[in-house]
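Chemist: Quick one: structure below, then a few questions.
FYI, it's all coordinate maths here, none of it is from the lab. Please read these numbers as outputs of a predicted model, since none were measured by experiment. Methodologically, a virtual Cβ is constructed for each residue, glycine included, from the backbone with ideal geometry; neighbour enumeration extends over all protein chains shown.
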Amino acid sequence: MSVGLAMLQSLLGRARRRVASALWAEPLEHLRSIPFRDAGHGYDVFGYEPLHAALSLSLLERLHRYWFRVQSHGTEHVPRQGPALLVGNHAGTLPFDAMMVWTDVILQCRRLPRAVADYFVPSLPYVSTMYARSGVVGGSAGNVRALLEAGELLLIFPEGVPGIVKPFRERYRLREFRVGHAELAIRHQAPVVPVGIVGAEEQMPQVARLPVRMSSLPYVPIPLTPLPLPVRYHIHYGEPLCLHEGLRPEDADDPEVVHRASERVRHAVQALVDKGLRLRKGVFR
Amino acid sequence: MNERPEWRSPRGVLVLGASTPVGARLCRRLLEDRALRAVMAVGLEPLERAGLPEDPRLSYHRVDLTRARPVHDLLFGTARDLGVDVMVHLALHRANDFGDRVHVQNVESLRWLLSLSERHPTLRRLVFRSHAEVYRVERGLPSLITEDHPVDLSADAPQWVRDRVEADLLACSRMGMMSGLELTVLRCAEVLAPNEGSQLHDYLSAPVCLRSAGFDPMLNVLTREDATEALRLAVYAGGLQGLFNIPGADTLPLSTCIRLSGRLEVPVPGPLLAPIYEARRWLQGTQFSYRINRGRFHFAAVLDGTQARQGLGYEPQHRVDWPPGR
């Protein structure tokens, strides 16, 4: 009986894939035009798979176009090939900012940004699988090193959790950057594209957060609104910073050099954020 | 990894664990080299069950590796007389058993072998087949596992894992420290085939496969053909010492693995899996232990074979013929 059920499950799975391919034909075609390293069976070693990513893209594209009405500036600064890092500011209680940059880069630049998630994300059920299928990787040094060596584009938020949980009154004031991105950029001689994201800080003002001890999450956020507010996102991509200029890869071991490089990136991101705030006409416009 | 000095082809090869499917295949592959003078196959099973080819250069020896004296006599008797210069060790206990005897076979026998090999007059090279299961798999660690990835030294690891880690570290600790003896350790991905001690194969042999709801990690599995080829390359890689990951050609999510095996996949809450599979083990005498596999049933763990490609020239070529074990 279980053999019959297994066959039925397999058939349903195949039918589901076929229907999904038809329903999301356009995003799927778009994603298939972006090369990825198939490790066999249609997945890369980190679990990225175009069909599942197409589902994510089709949902996020709607958010991108109709809910957050994203306006992007300077997409020509995103390298179309080779290893590079997109480094942005992080805020908004839930990581819609990362999703919007991910969607924006795929749509505008035809590149798949590999978002680097915090260490706890791979232990979240369902979320971890959905993220992995969309190209997100766990934030370990080994993973990002492997991706840069493979010539991929990384999307990193060096503020991490302290950035996304900062109080509303401190919006658009960047938290201290972790320095890993600068070390990677120097070691792998990869350009860093600073990204200033304006809008995310107002999408879900946080009223409280509950510490949880039994879960892999650092806390449970209590936002003011159950859904993100339809703020308008402005994403500003800055000119690539070549942190490695005049440096050797082994200089990535020098804490002073790395700290300076990281500060340079932080200032570039802050400048883009400030520019975005100056240029926008209002939170929802 | 050391640079390769001048090294000639092996004259004779001793294969411990030759009655395992990979061991028998390796003997067959080695005998294809007409320049090789002798292949000594060592196993515990009777010759007729070992599945070895007939060849005048092949001799079969039934030796219990848990007893030091027969091992000594084998090495300093027939092996010395035949001028055996390479030893391949694949004789770890495959079943998920526990106890002193299993530990002696997995760890203590290797300790004797290393000690004996160091003063052996003809042996120059030892190839030890280790396992990818020695690596720790948990959140925060890379999904792509390189040779410097942390090993599983957790206090609650089952003996199956502990023994493998201890044997692996024992071999690695002697690498480059033994005069006149080269050591190569191959950390092979799981060989998804019957009689290989594969936990995953046992898991997939059940008609219904339970997995942790919400998690669908990436796995990498190896075929017997590729495992054999990696061992053969290591036998011939004279002058090269080191630790090498041996990945397979199949990298896929657990759910796809279950589907390709023609099994029914049922996601259940993670905490239920350990008691269910422990009960199955006790009631049906099966091998799969969720405790051994908890990490890789949640987090991706794929071996990075760069070092093996560069050092040994190994590249996985054979995909699993799904469903495995036909």
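Chemist: Which of the listed residues, A:Pro249, A:Leu224, A:Gly238, is farthest toward the dipole's positive end in the range A:215-257, when Lys, Arg count +1 and Asp, Glu count -1 at the beta-carbon?
Modeler: Going by the charge dipole, the pick is A:Leu224.
Chemist: Amide H to amide H under 5 Å from B:Cys188: which residues, 5+ apart in sequence or cross-chain, H placed 1.01 Å off N in plane?
Modeler: Hits under the 5 Å cutoff: B:Ser130, B:His131, B:Ala132, B:Ile246.
Chemist: With θ set to phi - 60°, apply the Karplus curve 6.51 cos²θ - 1.76 cosθ + 1.60 along the range B:177-194 and write out the HN-Hα couplings as whole Hz, x wherever there is a Gly or Pro.
Modeler: 9, 10, 5, x, 10, 8, 10, 10, 10, 10, 8, 8, 5, 5, 7, 7, 7, x
Chemist: Expressed as an acute angle from 0 to 90° and rounded to the nearest 10, what is the orientation of the C-alpha long axis of helix B:224-236 relative to the principal long axis of chain B?
Modeler: 30
Chemist: Treating only the Cβ atoms of Lys and Arg (+1) and Asp and Glu (-1) as charged, compute the dipole magnitude of the range A:2-279 about its Cα centre; round to the nearest 20 debye. Write down the numbers at each step before the final one.
Modeler: On the way: 31 positive and 27 negative charges, 192 e Å.
Charge dipole of the range A:2-279: 920 debye, to the nearest 20.
Chemist: What's the angle, to the nearest 10 degrees (0 to 90), between helix B:21-31's Cα axis and the longest principal axis of chain B?
Modeler: 30
Chemist: A follow-up question, please. Using a simple charge model, +1 on the beta-carbon of Lys and Arg, -1 on the beta-carbon of Asp and Glu, nothing else, what dipole does chain B show about its Cα centre, in debye to the nearest 20? Don't skip to the end; give the middle numbers.
Modeler: Numbers: 40 positive and 39 negative charges, 69 e Å.
Around 340 debye, computed over chain B.
Chemist: Give the percent of DSSP beta bridges with both residues in the range A:2-279 that are antiparallel, rounded to the nearest 5.
Modeler: Beta bridges within the range A:2-279, antiparallel portion: roughly 35 percent.
Chemist: Could you check the simple spin-label distance between A:Glu76 and B:Asp33, using points 7 Å along Cα→Cβ, in nm with one decimal?
Modeler: 6.0
Chemist: Counting other Cβ atoms within 10 Å of each Cβ, which chymotrypsin sites (Phe, Trp or Tyr not before Pro) in the range A:100-141 have at most 10 and sit in a DSSP loop?
Modeler: Those that pass, being in a loop and sparsely packed, number zero.
Chemist: Right, something else. Relative to the present Cα-Cα distance, how much length would full extension add between B:Arg11 and B:Glu138 at 0.36 nm per residue of separation?
Modeler: Details: separation 127, 0.36 × 127 = 45.72 nm, distance 4.36 nm.
This chain segment gains 41.4 nm when fully extended.
Chemist: If amide hydrogens are placed 1.01 Å from N in the peptide plane, which non-local residues have theirs closer than 5 Å to the one on B:Leu58?
Modeler: B:Val39
Chemist: Next question. Sort B:Glu45, A:Glu201, B:Glu229 so that the residue with the fewest other Cβ atoms within 10 Å of its own Cβ comes first and the one with the most comes last.
Modeler: Values: B:Glu45 13, A:Glu201 26, B:Glu229 22.
Ranking B:Glu45, A:Glu201, B:Glu229 by Cβ neighbours within 10 Å, fewest first, gives B:Glu45, B:Glu229, A:Glu201.
Chemist: Which residue, chosen from B:Gly262, B:Ala249, B:Leu272, occupies the Cα position most advanced towards the positive end of the dipole of the range B:212-303, where the dipole is computed from +1 (Lys, Arg) and -1 (Asp, Glu) charges on Cβ about the Cα centre?
Modeler: Of the options given, the answer is B:Leu272.
Chemist: Continuing with this model, one more query. So if R0 is 51 Å, what FRET efficiency would A:Arg110 and A:Val212 give, r being the distance between their Cβ atoms, rounded to the nearest 0.05?
Modeler: The calculated FRET efficiency here is 0.80.
Chemist: Classify the range A:92-188: rounded, prolate or oblate, from the alpha-carbon gyration tensor (a ≥ b ≥ c, eigenvalue square roots; a/c under 1.5 rounded; otherwise prolate if a/b is larger than b/c)?
Modeler: Since a/c stays below 1.5, the shape of the range A:92-188 is classed as rounded.
Chemist: What is the spin-label model distance, in nm, from B:Ala279 to B:Arg62 if the labels are put 7 Å beyond Cα along the C-beta direction?
Modeler: 4.2
Chemist: Can you give me the angle between helix B:159-174 and the longest principal axis of chain B, using Cα atoms only, in degrees from 0 to 90, rounded to the nearest 10?
Modeler: Roughly 40 degrees, rounded to the nearest 10.
Chemist: Looking at the protein assembly as shown only, what percent of DSSP beta bridges run antiparallel? Nearest 5 please.
Modeler: 20
Chemist: Also: HN-Hα J couplings of the range B:70-84 from phi, Karplus 6.51/-1.76/1.60, θ = phi - 60°, integer Hz, Gly and Pro as x?
Modeler: Karplus values, whole Hz, x for Gly and Pro: x, 5, 4, 5, 5, 5, 8, x, 4, 4, 5, 4, 7, x, 5.
Chemist: Could you list A:Tyr66, B:Tyr60 so that the one with the fewest beta carbons within 10 Å of its beta carbon is first and the one with the most is last?
Modeler: A:Tyr66, B:Tyr60
Chemist: So, one more: For a footprinting-style exposure proxy, rank B:Asp73, B:Asp85 by other Cβ within 10 Å, fewest first.
Modeler: Values: B:Asp73 12, B:Asp85 22.
Ordered by Cβ neighbours within 10 Å, fewest first: B:Asp73, B:Asp85.
Chemist: Still on this model: Which of the listed residues, A:Leu147, A:Leu57, A:Asn89, is farthest toward the dipole's positive end in the protein assembly as shown, when Lys, Arg count +1 and Asp, Glu count -1 at the beta-carbon?
Modeler: Ranked along the dipole, the leading option is A:Leu57.
Chemist: Also, I was wondering about something else. Got a sec to turn the phi values of the range B:314-319 into Karplus ³J(HN,Hα) couplings, 6.51 cos²θ - 1.76 cosθ + 1.60 with θ = phi - 60°, whole Hz, x for Gly and Pro?
Modeler: 8, 9, x, 10, 10, 8
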